[in-house]
């Protein structure tokens, strides 16, 4: 049975493991990204992971999911924020294939998360799907017939930069924005708060935390509504750590979204929360590899 190494590069951690050709995750591990060390250091970490596996396993592919803007045709990063210095220009495909003689494919992490959901998650079978990951910022991807729509220059669905009346979508509706709002409302340092604490305090009756969550939901609904008017998706999939609060957030977001979309579209747009959590990037990288290599529709 063929075996693939799947590697998901995030700003905080690198998740990696082996996936068998029957789509089963064999094992999973994690290590710090140490993003401050820059792109070349991350490439070396990935190479070490692959090299370690090749000592005991015959790999049929190297499947990479990564933060930053990715050109999947060239297999390289073409834009990344300052959180990962010198990442733009990192040529994963060219470098890893030259080192190991194993085919490699790389895709953006949000695109991978969306791909995982439409192939084996909550969006399975959807003709048109939008997947949003809410965290430090807001990432998005558009999927048509289980294929990522990349746009002309591989920059489609960069929805975090959408302009809302009060600012950029991700500056208003991300987890970062929620934490900043709640911390400032309490007169605290931002480091004193996180998403988990906000929801815990809200359940205890903290009105400032409730206001913060309601504010986030308000802007999320506004942004999602704008996306729906353009893409008309069958399903909108919400992921990211904070979306683990599905029991609290889903009814709030559903109500706000319904109020922001005309009924003819609202009644045909399904809202779901992501099924794949910490393994989304790995599975998405694997599915992307199989699609690029022509072994999966």
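Observations, loosely collected:
- Any pair with Cβ under 8 angstrom, 6 or more apart, that starts in segment 115-130 at a residue that is outside the structural domain of residue 150 (by TED's automatic domain parsing) and ends at one that is surrounded by 24 or more Cβ atoms within 10 Å (Cβ to Cβ) and assigned to a loop (DSSP other than H, G, I, E, B): 117/123
This table checks each residue for (1) under 15 Å from residue 242 (Cα atoms); (2) over 18 Å from the mean Cα position of the chain (by Cα).
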site: 173; (1), (2): yes, no
site: 188; (1), (2): no, yes
site: 196; (1), (2): yes, yes
site: 210; (1), (2): yes, yes
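- Residue within segment 139-151 that is over 20 Å from residue 81 (Cα atoms) and surrounded by 24 or more Cβ atoms within 10 Å (Cβ to Cβ) present: yes
- Extreme residue, nearest to residue 137 (Cα to Cα), among residues of segment 1-31 that are without any contact (Cβ under 8 Å) to a residue 24 or more places away in the chain and touching a helix residue (DSSP H, G or I) at 6+ places or on another chain (Cβ under 9 Å): 12
- Residue match in segment 114-121 (condition: modelled with pLDDT of 95 or more, within 15 Å of residue 66 (Cα to Cα) and out of contact with any strand residue (DSSP E or B) (no Cβ under 8 Å at 6 or more places or on another chain)): yes
- Condition check for residue 156: assigned by TED's automatic domain parsing to the domain that holds residue 259 and in a loop (DSSP other than H, G, I, E, B): yes
- Candidates 52, 68, 38, 75, filtered to the one that is assigned by TED's automatic domain parsing to the domain that holds residue 286, out of contact with any helix residue (DSSP H, G or I) (no Cβ under 9 Å at 6 or more places or on another chain) and at positive phi: 38
- All helices (runs of 4 or more DSSP H) inside segment 203-297 with 1 or more residues being not assigned by TED's automatic domain parsing to the domain that holds residue 188: 280-292
- Qualifying residue in segment 58-65 (condition: farther than 26 Å from residue 143 by Cβ, modelled with pLDDT of 95 or more and either in contact with a strand residue (DSSP E or B) (Cβ under 6 Å, 6 or more places away or on another chain) or not assigned by TED's automatic domain parsing to the domain that holds residue 149 (or both)): yes
- Residues of segment 159-185 that turn out to be modelled with pLDDT under 95 and in a strand (DSSP E or B), as a count: 0
- Meets criteria (touching a residue at least 12 places away in the same chain (Cβ under 8 Å) and within 18 Å of residue 270 (Cα to Cα)) for residue 159: no
The values are calculated or read from the model by the stated rules, or taken from the named source; none is laboratory data. None of these values were measured; they are calculated from a predicted model. Using ideal geometry, Cβ is built from the backbone for each residue, glycine included, and neighbour counts are taken over all protein chains shown.
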